[in-house]
Amino acid sequence: MSGASKIGFGLYIPQLAFSFDDIRKRVQMAEELGYDSVWFMDHLMAPGLPQIPSLEAWTLVSALATCTERIRLGHLVLCNVFRHPVVLAKMACTLDVISNGRLDLGIGTGSVPDEHRIFGLPFPGIGERTRRLEETIRIMKMLFTEEESTFQGEFYSLDKAPNLPKPVQQPHPPIHVGGGGEKFTLPLVARVADSWNCPTYSLAELESKIGVLREECRKIGRDPDSLRISEEAVLVIVPKRADLDEALEKANRRYPGASWRINEGGFVGTPEDVIEVIRQKAELGISHFAFFFYDRAAPATLELFGKEVIPAFA
């Protein structure tokens with residue numbers, strides 16, 4: 001996701017009921033078609049669908065790094081509770097080296113209480129989870145950039161900790177924080193993130209959330225334009241308008257409920273329709289779009305977007 005003025009497009013593949021070969025073929029096709037990035041979820045079980053197989057997030061992108069060359073790899077978003085920050089920093093450096101600088105490090109506080117309860121993981125209130133996440137990000141930045149890192153926080157501590165090799169990307173892989181909370185998350189984004197990702201459940205309030213985020217930047221003396229903004233959304237794209245009703249029906253079955261904001265997201269229609277919406281969102285400051293394809297990134301739809309939409313923003 002390099003280049004602040006460039007509009008980038010990512011493929012978000014929730015890795016549910018996919019074999020590794022299924023995912024690898026989609027990712028390699030996306031790379032060939034000119035997509036910038038590919039993103040995955042980070043859950044120990046599929047939220048609400050515990051009986052559905054799902055591949056572990058970090059292992060998956062590590063394997064994909066060895067069978068791709070250009071496309072960037074990341075998660076929207078890693079759950080901070082799952083990994084100690086020192087371990088995560090070491091993993092991130094290693095993957096950035098393996099991929100030759102293609103890691104996008106997305107991270108959040110965690111959002112599924114039942115998942116934590118089932119697996120015996122702590123799930124404190126959002127205030128504590130946010131403080132933990134901030135310490136994690138500060139620790140990772142130290143380990144990415146300093147020869148030895150010393151840190152004493154509320155939850156974590158380091159004593160002259162080394163970390164070699166350093167990441168390929170300098171000063172470090174981009175750190176993306178996702179979430180729409182105005183009390184805790186957006187102030188945290190302003191303090192420590194390189195990029196904010198607007199989740200699907202906040203798409204209806206996107207413009208007001210951007211306003212809050214920019215104000216949080218101003219409060220601490222940060223240039224709001226130094227923070228990149230991306231969004232994730234369901235994409236319902238069809239070759240001709242006559243196909244739209246069937247596609248929307250499929251989208252609403254696969255992504256049910258208000259949290260997906262299919263209508264508010266607005267990426268529904270023909271390539272021409274979608275291009276116009278992207279241009280409108282770019283005017284708001286969105287520079288990257290991570291799409292859940294309504295048909296789970298079927299090859300024909302991947303190709304339709306890749307050949308009819310991406311070139312309009314080259």
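Within segment 142-166, which residues are under 18 Å from residue 93 (Cα atoms), in contact (Cβ under 8 Å) with a residue 40 or more places away in the chain and surrounded by 15 or more Cβ atoms within 10 Å (Cβ to Cβ)?
143, 144, 158, 161, 163, 166
For segment 81-121, what are the residues that are closer than 24 Å to residue 141 by Cα, outside any helix (DSSP H, G or I) and over 18 Å from the mean Cα position of the chain (by Cα)?
84, 100
Residues that are open to solvent by less than 40 Å² (accessible area, probe 1.4 Å) and either among the basic types (Lys, Arg) or closer than 21 Å to residue 296 by Cβ (or both): list the helices (runs of 4 or more DSSP H) wholly contained in segment 205-276 that include at least 2 such residues.
244-254, 262-265
Which of the residues that make up segment 277-301 are over 19 Å from the mean Cα position of the chain (by Cα) and surrounded by 16 or more Cβ atoms within 10 Å (Cβ to Cβ)?
277, 295, 301
Checking the conditions here, which among 106, 101 is under 20 Å from residue 228 (Cα atoms) and in contact with a Leu (Cβ under 7 Å, 6 or more places away or on another chain)?
106
Can you name the condition, by its number, that residue 56 falls short on among (1) open to solvent by 20 Å² or more (accessible area, probe 1.4 Å); (2) touching a residue at least 24 places away in the same chain (Cβ under 8 Å)?
Here residue 56 meets the rest and fails (2).
Of the conditions (1) open to solvent by 30 Å² or more (accessible area, probe 1.4 Å); (2) modelled with pLDDT under 95; (3) small (Gly, Ala, Ser), residue 110 fails just one. Which one is it?
If we test residue 110 against (1) open to solvent by 30 Å² or more (accessible area, probe 1.4 Å); (2) modelled with pLDDT under 95; (3) small (Gly, Ala, Ser), just (1) comes out false.
For segment 277-314, how many residues meet the condition of being assigned to a helix (DSSP H, G or I), over 16 Å from residue 247 (Cβ atoms) and small (Gly, Ala, Ser)?
So the answer is 3.
Given the options 173, 124, name the one that is open to solvent by less than 20 Å² (accessible area, probe 1.4 Å) and not in a helix (DSSP H, G or I). Lay out the reasoning, then the answer.
Values: 124 fails: open to solvent by less than 20 Å² (accessible area, probe 1.4 Å).
None of the other options fit; the residue is 173.
Condition test on residue 34, is it on the phi > 0 side of the Ramachandran plot, surrounded by fewer than 21 Cβ atoms within 10 Å (Cβ to Cβ) and modelled with pLDDT of 95 or more?
Yes: the conditions hold for residue 34.
The values are calculated or read from the model by the stated rules, or taken from the named source; none is laboratory data. Please read all numbers here as calculations on a predicted model, not as lab measurements. Using ideal geometry, Cβ is built from the backbone for each residue, glycine included, and neighbour counts are taken over all protein chains shown. With ligands, DNA and RNA removed, areas are computed over all heavy atoms of the protein, side chains included. Shrake-Rupley method; radii C 1.70, N 1.55, O 1.52, S 1.80 Å.
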